Amino acid sequence: MTAVSPAPAEATAHTSRWPMTPELAALPKVEMHIHLDGTLEPAMKLALARRNGVTIAQSSEEEIRDSFVFHDLPTFLAVHYSNMDVLWTSLDYEELCYAYLSTAASQGVRHAEMFFDPQLHTSRGVPFDDIVRGYRRAIVRARSDFGVTAELIMCFLRDYGADHAMTTLMSALRYRDWIIGVGLDSDELRHPPAEYAAVFGRARREGFQITMHCDVDQVDSTEHIRQAIEDLGTQRIDHGLNVMESDALVELARTRRIGFTVCPLPYSTHPTRGLPELEVIRGMLDAGLLVSVGSDDPPYFGGYLGDNLQFMAEVGGFTLQELWLTQVHAVDIAWVSARRRQELLEELAGYARDHALDPSAAE
Ligand code: ADE
Ligand code: ZN
């Protein structure tokens with residue numbers, strides 16, 4: 001590896017395909033579904049490859065962007081995971097996270113709960129501590145530079161199996177203060193939540209909060225949602241749109257106050273059923289579910305949280321009132337102190353007053 005030098009500043013630049021209206025730009029935002037590993041922009045990939053002496057198949061940002069070709073979850077994951085090879089040092093992780101938080105803050109994000117997948121890196125020989133310490137330094141710096149608060153949620157890769165997940169959980173125990181929760185992501189095929197019951201049981205006993213992905217239109221989606229809620233006691237479901245296929249599941253999710261973290265722009269690039277996802281999201285809101293919005297993996301899916309909200313407004317006709325409600329839901333389900341929750345709710349209440357929104361819609 002070559003000597004460490006900073007990644008170029010333009011690594012944080014983001015040109016939006018969905019520029020926000022001024023009133024949407026002013027909305028205080030809370031991001032509940034973002035994969036830090038999935039925020040690697042082409043410019044940063046190029047800079048890190050050069051800095052770390054890693055040979056990559058592309059020689060320009062454009063070529064990297066052109067390599068983002070996929071049509072479903074497994075093909076997306078293959079492209080995304082192949083980009084991880086440029087991340088090696090603690091500084092790399094710090095810069096990756098700082099770049100995300102800087103872009104998010106520029107779109108009005110006030111609080112973010114961020115997934116990270118350590119197994120993508122420890123399996124290549126990167127020390128667990130270097131990853132977590134790098135992310136933590138970025139969180140501290142971003143709080144002081146932008147006033148944005150952020151937390152880490154460690155996800156287990158479903159395709160690595162339960163034993164590997166348990167070992168990873170053990171590595172996380174000494175970072176209990178820096179990692180608020182654990183989640184489950186990656187390829188869902190033949191990997192139901194039940195496979196991870198012991199891991200999540202242990203995580204809960206260790207005091208971690210719990211969430212897990214139930215991606216859209218997977219094999220056995222509704223059964224996975226049921227297992228996640230009933231058998232594993234998840235507090236949130238990441239995506240989870242298929243909940244709307246079962247009245248019983250909707251009722252279960254409503255009574256247990258399960259949070260859903262949905263990601264509109266990514267659904268538009270996985271055309272499994274055209275674009276009815278936006279209608280499903282509206283149905284979830286109308287059914288009284290706690291629906292928040294996230295951006296998943298922005299460089300691959302066309303944007304950050306502001307872009308996702310603007311997309312909902314322009315393509316799905318979501319009103320400012322509805323988009324505001326998703327931010328109130330995000331604060332409701334956030335794993336923050338009572339004091340931070342209050343601050344965020346006050347910001348949203350102030351916004352509702354200034355924009356003549358109906359605050360009772362959130363009651
Ligand atoms: N890892 C990154 N994005 C993901 C997604 N949408 N589903 C599962 N695993 C992921
Ligand atoms: Zn995700």
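The values are calculated or read from the model by the stated rules, or taken from the named source; none is laboratory data. Computed from a predicted model, the values in this text were never measured in an experiment. Surface accessibility is based on the protein's heavy atoms, side chains included, excluding ligands, DNA and RNA. Shrake-Rupley method; radii C 1.70, N 1.55, O 1.52, S 1.80 Å.
Results, tabulated for the structure shown:
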read-out	value
Rounded accessible area of Ser59 (nearest 10 Å², 1.4 Å probe)	80 Å²
Linear extension gain, Glu279 paired with Glu346, 0.36 nm per residue minus alpha-carbon span	21.2 nm
Å² of accessible area per residue within region 29-355, as computed with a 1.4 Å probe and no ligands counted	35 Å²
